[in-house]
Number of protein chains: 6
Amino acid sequence: MLIAIVNPNTTASMTDAVVEAASAIARPDTELLAVTAPTGVPSIESHIDEVHGSAAVLAEVERLEAAESAAARPDAYVIACFGDTGLPGAREAATGPVVGMTEAALMTAALLAHRFSIITMPARTIEQSDRVVRTLGLGHRATVRAVDEPVSEVTSGSLHLLDLFVAEGRRAIADDRAEAIILGCAGLADLVAPLASALGVPVIEGVSAAVTLAEGLVAQGLTTSRALTWGRPGEVRS
Amino acid sequence: MLIAIVNPNTTASMTDAVVEAASAIARPDTELLAVTAPTGVPSIESHIDEVHGSAAVLAEVERLEAAESAAARPDAYVIACFGDTGLPGAREAATGPVVGMTEAALMTAALLAHRFSIITMPARTIEQSDRVVRTLGLGHRATVRAVDEPVSEVTSGSLHLLDLFVAEGRRAIADDRAEAIILGCAGLADLVAPLASALGVPVIEGVSAAVTLAEGLVAQGLTTSRALTWGRPGEVRS
Amino acid sequence: MLIAIVNPNTTASMTDAVVEAASAIARPDTELLAVTAPTGVPSIESHIDEVHGSAAVLAEVERLEAAESAAARPDAYVIACFGDTGLPGAREAATGPVVGMTEAALMTAALLAHRFSIITMPARTIEQSDRVVRTLGLGHRATVRAVDEPVSEVTSGSLHLLDLFVAEGRRAIADDRAEAIILGCAGLADLVAPLASALGVPVIEGVSAAVTLAEGLVAQGLTTSRALTWGRPGEVRS
Amino acid sequence: MLIAIVNPNTTASMTDAVVEAASAIARPDTELLAVTAPTGVPSIESHIDEVHGSAAVLAEVERLEAAESAAARPDAYVIACFGDTGLPGAREAATGPVVGMTEAALMTAALLAHRFSIITMPARTIEQSDRVVRTLGLGHRATVRAVDEPVSEVTSGSLHLLDLFVAEGRRAIADDRAEAIILGCAGLADLVAPLASALGVPVIEGVSAAVTLAEGLVAQGLTTSRALTWGRPGEVRS
Amino acid sequence: MLIAIVNPNTTASMTDAVVEAASAIARPDTELLAVTAPTGVPSIESHIDEVHGSAAVLAEVERLEAAESAAARPDAYVIACFGDTGLPGAREAATGPVVGMTEAALMTAALLAHRFSIITMPARTIEQSDRVVRTLGLGHRATVRAVDEPVSEVTSGSLHLLDLFVAEGRRAIADDRAEAIILGCAGLADLVAPLASALGVPVIEGVSAAVTLAEGLVAQGLTTSRALTWGRPGEVRS
Amino acid sequence: MLIAIVNPNTTASMTDAVVEAASAIARPDTELLAVTAPTGVPSIESHIDEVHGSAAVLAEVERLEAAESAAARPDAYVIACFGDTGLPGAREAATGPVVGMTEAALMTAALLAHRFSIITMPARTIEQSDRVVRTLGLGHRATVRAVDEPVSEVTSGSLHLLDLFVAEGRRAIADDRAEAIILGCAGLADLVAPLASALGVPVIEGVSAAVTLAEGLVAQGLTTSRALTWGRPGEVRS
């Protein structure tokens, strides 16, 4: 099956890192299609950035959906940006299901731990994580924390941020009784193993989590409900 | 003071109707600036429409903020579309405060009634209202209902929809114990008086509510916090 | 328009300070009527105090509503005590709308910031703030903190409390990620400017916020729903 | 032990009926002291009524607490009015614990049933029940319904209302999946047996429930915490 | 009346201590029947332990319900283990009402204090307390903390743990604004008096609280609803 | 990979049907191991049944974990009973992750629809679904409904129940605005296609959903956190 991993920002190196990490855990028969926003902003760190990112995500989904050959049309999409930038529009535009890395990471954590923490970056994007937590209703089990560094820090690897994540993770464990940690930014896959080792709790990378969820939806033959919210004009039934 | 009323869709007749209605309740010293999206979609009835609307809102706010003369820069903005399309980006881009018609209507209802209902249109946009209800936390007092007609129905007045709104309003009163009704779409100002008369409860028009809130914020010298969520890159303090 | 600012306690100097502060932000055509409880308690710092304060508020509203000339009857009321002492009875007794300073401050903060904190005083009145937060449903965005000083401290100005509020505000910003601060007591208007300056976030004074909300409701021709909860015996429709 | 049952309204026949019903279930060594508001209103059916009722409750508690002989001072108090009128002030003024009939009924129902409904009267007092439900956090398990009759209907027995309560109870069972019913007004003890028989689910009378809770608190030697919220000036520790 | 106190673990010394403490507060006409799990685990400190404990609780309730003489059948049951191990099955199997020590302690605290904390042990059982808090909906008023010692520490008295509970209780008061403390483990009755003395707030022992609630239910002639959730096959009405 | 599908009841025909349905959607390299409770009850329709089912689940997991050869030990487990009977103990006992069919179905629905309904059976098991909804926090998006038939109805196929599910599904769509339906019982896989066709919304079968989630967790190398709640005695870190 073909899964498009859509990076709402224009930084191809982040897309590449994300897709590489996800490839390691995808099904053998899954083909991952790396999609980088052709226009917009180099990272999504504000609500203005999200407007640009959402527009890019929608345009890319519409472009892929317009593929002449059905085989070139993705079976599912993954939004590879914390906060799930552009998810609602993409869910409506895509024929197949769309999974955000944030919602995927939260669901995954809920299967492994009673309480858990997102560690996002930078601190000013905490609201974007809160928004997804609230949409899912997980506020009684999840906290949102931050390492206050710009996303640009991770465009060429994230290992140099390990100490900061270990320190914040320890605070999450001690103060919030977190039993699992969610990496709150795309491009942090490098941190999964060393952080899990340092903290002794599961560390969840959302793009990988989202790919497996997307694979599962496709395997079940499920896609977005068109009944109401995610319907498409002309197709809606209410 | 100068308040820009930003219509995220491209239908100028809706903007005009909205601004006219708001003018009737604005302060004598308030000047309302009608802003219609120059590009995008003629109405916001889906999540895809919201992507286009959000981009238009942001572009218009940025255009107005770039005015050479300070006097031409709005003191505040009102988002004139139910669901508060584009609010987060606008709040970040604008120097002055930004108020959405949905959040304004909900706050107004909460001052007048214990329980209340939004009647939005069409039914497929219920989620957009739910999103604002959830952001404010008013789910224990507010319900969201719909008259399932397209927004295009209201581009030249809404009085022909009165019977549908009366019927749905009666259901809200009987089934949800609603004590006030929020008109869940811009351009329904015509309905306020006849619907209130038919139902015997307050009927709230969100753009008018938002204009008075915006006036109040400006009068208090308050604007969006730049501390974290709504900060602007380079200005942020965390 | 005529807005009565009702202080549920008997300390006229607090009423004067509150009305003076509100005058600075009220509309030019708004007349503020200072109302001090003629009997009761000098400050509201307990649930017993609230019983006395609520009785005084109701009696004063009933007295004003009984005015022979319609011109002398307030168009709206503001409750000038944190916790919104006596609000429910006043809302029922008054012809025009009634706005509490606590609910007004919380709504105002929600328009400016993702998360925010009330700093009330003394600490034993935290429950009263929690009660309003819960009624509005803002528990996911608001925290309640306290400077543990008696209300009597503010009867002749509040500037000497600045350091305590700065310290508690810094804790709110650091520990709760507050992006705006609500002054949790009437009579603290002196603190707005220096506290905002020290903390770098908006500081909200509830009486001013309530006056602008009341002005807005009157401008829209809205008043309390009489449908059920706030109906008046003999007038109720259910 | 001596338990004062405080009726916030002035109708002694309701107090008598309430105390008689509670006597049937009280411990043999419990003495029930009937307290009727000497001044105020004949029934509590509005927020204005609650102001008068709260003042009467506080005055009566303070009068009883001032008893010269310790033996004449109640060991605990029960508030015998739905909505728990005057509870916060009474809790602060009384040396012993204070239990409201509404909170007691809700706790009792939660021990017996997954979901349950209050049937209050008249409909305009639904908010008062909602307030207690919200304070306890039971909104996910409790609904509030009403028989829309004035409280005056029950001053000389309630059996003539049986059919109305049966009909509303059946709606609660069918529509809300209620598994127990709470009688939402003092003075309905006559209905317990026939309603339980007609509906086939437990029917809870709040004053009786509150008396047993108060007995239990006294037996455990527990009383209201004075640490913060329910402290008393001069005694508070924060 | 006969109340069975069911200890889900096999440690008879804990049952004895619990029953002895409860005897001191039970009604003179209450007979307490000590029931220790004949098989299973010596303490309940994990979810696996709860499986064994639940099975033992159910078997014991079924054994007691099968008593030939009605007089030997308990009028009510109390589950004497924090987390209320086995409560749902017992509630279904028993003719009389069943009260868990955790739910009883939480209800008792809610009558005495605005905010309160459970101090459980060991830390790995926090989820079990969270589960009961969530079932009751008290998350806005209760926090769960822990002294991280194994339950085996309390099999022969708990006074040696006093310092640890005092320290954690002080943190609850300072950090969570707790106004009452719930002892989060059976067998801690020794701590009630010295901890209350050290902290200056009410300290609640759940088995005692549960016994008084059970007495009250029996006095009111109430038992578990058989309507739906707690019905018994063959007897169910839906 | 080897995934054990554990049926907490003793009806092997249900296990077979469940495993057959799941096989159709599992990865090619996934081996599904059918596990039927060797002792206990033929269906799980009450809280007593859950005690027996939980014990059986735990015993089977422990038996499989004790396998001498690592290859015979499951990589993950799926609980194939609505309400996720025995999940907590299994999660603790298993080396690999454990996924319940109810939590899996709810997460899947949340990816496809704004609001959705569980249709469980019989009606007396609604509480078990509510419990999972509450644990995940999805009460603002999910409702629980029932077809009131005994589970025994589905031991040899479920197609004869189609009309009942269609009728209840239509009520969910009309009254709750459900946009997807979750089949609330194992053994209903036959209904997925015809129900989806009749209702026009996605229909989710929980065991299939759980298998894909379990596959994803194994692919990511993730398992249950041992930090606190799901730790194992001797291994715990707090």
Counting only other chains, what is the mean number of Cβ atoms within 10 angstrom of the Cβ of each residue in peptide E:21-34? 2
Given the rule -39500 (n - 2.57) for each run of at least 4 DSSP H residues, summed and divided by the residues of chain B, what is its mean residue ellipticity at 222 nm, to the nearest 500 deg cm²/dmol? -13000 deg cm²/dmol
Test item: Cα-centred dipole of chain C, Lys/Arg +1 and Asp/Glu -1 on Cβ, debye: 720
Net charge around A:VAL41, counting only other residues with Cβ within less than 12 Å of its Cβ (Lys, Arg = +1; Asp, Glu = -1)? -3
For chain F, what is the Kirkwood estimate of the hydrodynamic radius, computed as the reciprocal of the mean inverse distance between distinct Cα atoms, to one decimal in Å? 17.7
List the residues whose amide H sits under 5 Å from the amide H of E:THR120, counting only those 5 or more places along or on another chain, with H placed 1.01 Å from N in the peptide plane. E:ARG145, E:ALA146, E:VAL147, E:GLY184
Distances in nm between the label point of C:MET1 (7 Å along Cα→Cβ) and its equivalents in the other copies, shortest first, are 1.5, 5.2, 5.7, 5.7, 6.2
What does the copy distance list look like for E:GLY157, label position 7 Å along Cα→Cβ, in nm and ordered from shortest? 6.1, 6.2, 6.2, 7.0, 8.9
As an exercise, use a Förster radius of 25 Å and the Cβ-Cβ distance of B:LEU162 and B:ASP16 to find the FRET efficiency, rounded to the nearest 0.05. 0.75
Inside 10 Å of the C-beta atoms of A:192-204, what's the mean count of C-beta atoms belonging to other chains? 2
Compute, for the stretch B:26-148, the length of the dipole vector about the Cα centre, with Cβ point charges of +1 (Lys, Arg) and -1 (Asp, Glu) only. Units Debye, rounded to 20. 540
Let me check the size of the stretch A:102-205 from its C-alpha atoms; what are the radius of gyration and Dmax in Å? 12.2, 35
Taking every other residue with Cβ under 13 Å from the Cβ of F:ALA104 and scoring Lys and Arg +1, Asp and Glu -1, one gets -4
I'd like the distance between the alpha-carbon centres of the stretch D:1-74 and the stretch E:19-57, rounded to an integer number of Å. 39
Got a sec? Charge dipole of the stretch B:102-205, +1 on Cβ for Lys and Arg, -1 for Asp and Glu; which of B:LEU188, B:VAL203, B:GLY137 is way out at the positive end? B:GLY137
Which net charge results for the neighbourhood of C:PRO194, defined as the other residues with beta-carbon distances under 15 angstrom from its beta-carbon, given Lys and Arg at +1 and Asp and Glu at -1? -3
On Cα atoms only, tilt of A:162-176 relative to the major axis of chain A in degrees: 80
Pop out the ³J(HN,Hα) list for the stretch D:79-93 in order, Karplus 6.51 cos²θ - 1.76 cosθ + 1.60 with θ = phi - 60°, rounded to Hz; leave Gly and Pro as x. 8, 9, 8, 5, x, 6, 3, x, 4, x, x, 5, 4, 6, 7
Relative contact order in percent for chain D (Cα pairs under 8 Å, 6+ apart) equals 23
Shielding by partners, peptide C:177-186 (average Cβ within 10 angstrom, other chains): 3
What is the distance in Å between the Cα centroid of the stretch D:158-176 and that of the stretch E:166-188? 43
Order C:7-19, A:26-38 from most to least packed using the mean count of other Cβ atoms within 10 Å. C:7-19, A:26-38
With Cα coordinates, the longest principal axis of chain D makes an angle with the long axis of helix D:206-219, in degrees rounded to 10, of 40
Cα centre as origin, Lys/Arg/Asp/Glu Cβ charges: the protein assembly as shown dipole, Debye: 0
Rg to Rh ratio, the protein assembly as shown, alpha-carbon atoms and Kirkwood radius? 0.94
Longest principal axis of chain B (C-alpha) makes with the long axis of helix B:101-112 (C-alpha) an angle, in degrees to the nearest 10, of 60
For the stretch C:29-72, list log₁₀ I(q)/I(0) at each q in 0.14, 0.23, 0.34 Å⁻¹, using the Debye formula over Cα point scatterers of equal strength and ignoring solvent, two decimals each. -0.41, -0.82, -1.20
Mind listing the label-point distances from F:ARG171 to the same position on all other copies, shortest first, one decimal in nm, points 7 Å along Cα→Cβ? 1.7, 1.7, 4.9, 5.1, 5.2
In B, who owns the beta-carbon nearest the axis carrying B over to C, and how many Å from it? B:GLY137, 2
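Bear in mind these aren't lab numbers, they're just calculated from the coordinates by the rules spelled out. Since this is a predicted model, take the numbers as computed values, not measurements. Reconstructed Cβ throughout: ideal geometry from the backbone, glycine too, with neighbour counts over all protein chains shown.
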